[in-house]
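Reviewing the structure listed below.
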Amino acid sequence: GRRSTPGGRGMMEALKHTWWGGLAVHLLLAGSWVLGPLFIAVVAAGMGDWTYGLSLGIFGVMLLEPLGSKRLWTISSLALDACLGPRSRSEPSFARFWISFAGTAAIVVLNYWAPALPKRPKFVKLMQDLDFDKYYYSGPELRGALDDVQKSGSLFGFHPHGILCAGWAWNAIWSKKFADIAGTDVRFMIDKGLREDNVIFKIICDLHGGLDSLTKRNLLGALAAKTNVAFVPGGFQDATLAEFGVHRTAMKKRTGFIKYALQHGCRVHPCYSFGECETHYTSTALLNFRLWLNQFGIPAVVIFGFPFVPILPRPQAKLQTFVGKALEFPKIPEPSQEDVSKWHKVYIEALTELFERHKKEAGLPESKRLEVW
């Protein structure tokens, strides 16, 4: 028969269900999160000496939401760069500028003009077969009130964000077990900048087929259609608050999704991932300043995880995600502030109770508490 070669399909088969395969998946996902913004920063900076730094204004697109506005901003930015760029090939930076310009233009086209790639179930299966859980000493686990999960009309709030949302990623987004109980059409809603403005991660999201931008329009549309939705309420603020060994989530001011859940009478599941706070060591310096940066969609964190690739999670982290029983929200088309406050309190109490009920099972001492910021 035909022999497998070290490359191509033979190598991929050899990686499946191994630690190296798990490492490859982590490198792909974490690398895409980092390399997308880094690449645009490099090519924009490559034009900076001619544009007086204005080429970095391309990042302003992250503050815009409608696609039309994003297109107008990026085309205007590119037009300005082209006007300010060198005209003579004798200029020492001529090649660098126009190569950087071409790189920026390519990113703009791929992000905002090219059609989305079709969903590829085979890609999701490949990610699962590479066995991300083999990367950890004790593989990720999905537990809790799984028999209470339904395949429609439900909203899942995953806590905490941590640095890379490892618990949410492995026990929900890429989890066959979660898809089996919650359905294969769950909409996983993530940061808009990550989904729409990161050219590399955008491709992965397209291939997955279930990752959407967390916007009011997308969230209300999914809830109205009774499609299951999963997201991380704490967002970047959770990541900024992350401290090794400390169980903490930002929820005190997160009331928007509570209002939307009431408007549609959703079943709301609080979910908690033990071990998320042990994926990385973090710096707690300049916390208030970093929380301020979060307002602009900037995940201001300083981290150290796996020694050889510090952005990756520590393999020692034991990720156990527990799904809480559904809270049956009443349908109130126009909820008052009192309604929202009442059910926000109910949600936080249910999340705290979920933590307390399962912390011993997750290997925590009785003294551990969940901090709600």
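The rows are residues; the columns are (1) over 22 Å from His247 (Cβ atoms); (2) in contact with a His (Cβ under 7 Å, 6 or more places away or on another chain); (3) of a type outside the set (A, V, I, L, M).
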{"site": "Pro307", "(1), (2), (3)": "yes, no, yes"}
{"site": "Leu327", "(1), (2), (3)": "no, no, no"}
{"site": "Lys331", "(1), (2), (3)": "yes, yes, yes"}
{"site": "Pro335", "(1), (2), (3)": "yes, no, yes"}
{"site": "His344", "(1), (2), (3)": "no, no, yes"}
{"site": "Ser367", "(1), (2), (3)": "no, no, yes"}
- Within the range 315-335, the residues that are closer than 25 Å to Phe304 by Cβ and not in a strand (DSSP E or B) are Pro315, Gln316, Ala317, Lys318, Leu319
- Message: Being closer than 29 Å to Leu291 by Cα and not in a helix (DSSP H, G or I) is the requirement here; does Phe201 meet it?
- Response: no
- Item | Failed item in (1) closer than 27 Å to Val268 by Cβ; (2) of a type in the set (A, V, I, L, M, F, W, C); (3) in a helix (DSSP H, G or I), with Met127 passing the rest | (1)
- Item | Verdict on Phe355 being within 30 Å of Ala24 (Cβ to Cβ), in contact (Cβ under 8 Å) with a residue 24 or more places away in the chain, surrounded by 18 or more Cβ atoms within 10 Å (Cβ to Cβ) and among the aromatic types (Phe, Trp, Tyr) | no
- What helices (runs of 4 or more DSSP H) completely inside the range 225-313 contain at least 2 residues that are in contact (Cβ under 8 Å) with a residue 60 or more places away in the chain and open to solvent by 20 Å² or more (accessible area, probe 1.4 Å)? 235-241, 256-264
- List the number of the failed condition for Pro86; all other conditions in (1) closer than 30 Å to Arg9 by Cβ; (2) in a loop (DSSP other than H, G, I, E, B); (3) open to solvent by less than 20 Å² (accessible area, probe 1.4 Å) hold. (1)
- Check the range 336-357 and report whether any residue there is part of a loop (DSSP other than H, G, I, E, B) and acidic (Asp, Glu). no
- Task: Looking for whichever is over 23 Å from His208 (Cα atoms), open to solvent by 70 Å² or more (accessible area, probe 1.4 Å), out of contact with any Gly (no Cβ under 8 Å at 6 or more places or on another chain) and in a helix (DSSP H, G or I) here; the options are Leu72, Leu35. Which one fits?
- Result: Leu72
- Any idea which residue in the range 194-212 is nearest to Gly103 (Cα to Cα), counting only those that are open to solvent by less than 10 Å² (accessible area, probe 1.4 Å) and of a type outside the set (A, V, I, L, M, F, W, C)? Asn198
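The values are calculated or read from the model by the stated rules, or taken from the named source; none is laboratory data. What you see is a predicted model; the values in this text were computed from it and never measured. With ideal geometry, Cβ positions are generated from the backbone for all residues, glycine too; neighbour counts draw on all protein chains shown. Calculation scope for accessible area: heavy atoms of the full protein, side chains included, ligands and nucleic acids excluded. Shrake-Rupley method; radii C 1.70, N 1.55, O 1.52, S 1.80 Å.
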